[in-house]
Amino acid sequence: MSTNNRDKRGHADDGLKETKKNPEFDDIDRKIIRALVADARLSFRDLGERVHLSPNATAERVRRLQEIKVISGFHARVDRARLGVPLEAYIDIRLRSETSARSFEISAVKLSGVMTFATVTGEFDCRVRVVCKDQADLMRIVEELRAGGAIQGTNTTVICREVEVRSTVY
């Protein structure tokens with residue numbers, strides 16, 4: 001890269017405006033991200049109208065945000081109750097001292113009903129989010145998790161209601 005493509009501090013100049021929050025993208029990129037979080041099905045034309053760019057310029061910004069891994073995918077929200085799995089729960093897991101969280105993760109994520117796996121700090125080592133048909137199905141998952149002998153103890157919390165918060169982080 002030639003010195004003509006570097007800014008005053010010697011950093012590569014890729015034409016992106018720096019912001020205080022993140023030097024890799026600007027306020028228009030943030031508006032694009034917020035709009036796509038709210039509705040990932042927006043066309044480039046509609047998205048461009050919201051951020052005051054042409055559809056082509058908008059598409060290029062979205063592609064760049066994907067390339068730098070700021071946007072990692074576009075997802076559908078699914079009503080799990082309509083799919084026959086209305087019960088959701090967190091299962092906090094305390095592992096035996098000889099079991100690593102990584103090795104337990106490998107087996108736990110293969111179980112039917114496991115939606116997410118997190119390694120956490122505090123009283124427990126891991127947290128699994130599960131979806132189930134009913135209480136019997138929840139017990140099946142808990143027992144399958146315990147079956148390998150890697151768990152010292154669990155604590156299960158049924159999710160009664162959850163509200164998705166639209167963050168202003170981006």
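The values are calculated or read from the model by the stated rules, or taken from the named source; none is laboratory data. This one's a predicted model, so the numbers in the text were calculated from it and none came from an experiment. Quick reminder, even Gly has a Cβ in these numbers, built from the backbone with ideal geometry, and neighbours come from all protein chains shown. Accessible surface is based on the protein model in full, side chains and every heavy atom, while ligands, DNA and RNA are left aside. Shrake-Rupley method; radii C 1.70, N 1.55, O 1.52, S 1.80 Å.
Structure notes:
- Segment 65-80: number of residues that are farther than 16 Å from Ala40 by Cα and either aliphatic (A, V, I, L, M) or not in a loop (DSSP other than H, G, I, E, B) (or both): 2
- Boolean, Val114 is open to solvent by less than 30 Å² (accessible area, probe 1.4 Å) and either over 19 Å from Val128 (Cα atoms) or among the polar types (S, T, N, Q) (or both): no
- Flag if Glu88 is among the charged types (D, E, K, R), modelled with pLDDT under 95 and either more than 30 Å from Glu49 (Cβ to Cβ) or out of contact with any strand residue (DSSP E or B) (no Cβ under 6 Å at 6 or more places or on another chain) (or both): no
- Leading residue by the ranking (surrounded by the fewest Cβ atoms within 10 Å (Cβ to Cβ)) among those in segment 37-47 that are at pLDDT below 95 and in a helix (DSSP H, G or I): Ala38
- Residue match in segment 78-97 (condition: aromatic (Phe, Trp, Tyr), free of Cβ contacts under 8 Å to residues at least 60 places away in the same chain and out of contact with any Phe, Trp or Tyr (no Cβ under 7 Å at 6 or more places or on another chain)): no
- For beta carbons closer than 8 Å, sequence separation of 6+ or different chains, a first residue in segment 35-59 that is under 27 Å from Val165 (Cα atoms) and a second that is among the small types (Gly, Ala, Ser) and surrounded by 16 or more Cβ atoms within 10 Å (Cβ to Cβ), the qualifying pairs are Leu42/Ala35; Phe44/Ala59; Leu47/Ala35; Arg50/Ala35; Val51/Ala35; Thr58/Gly48.
- The residues on offer are Arg50, Arg96, Arg127, and the sole one that is among the basic types (Lys, Arg), open to solvent by 80 Å² or more (accessible area, probe 1.4 Å) and touching a helix residue (DSSP H, G or I) at 6+ places or on another chain (Cβ under 6 Å) is Arg50.
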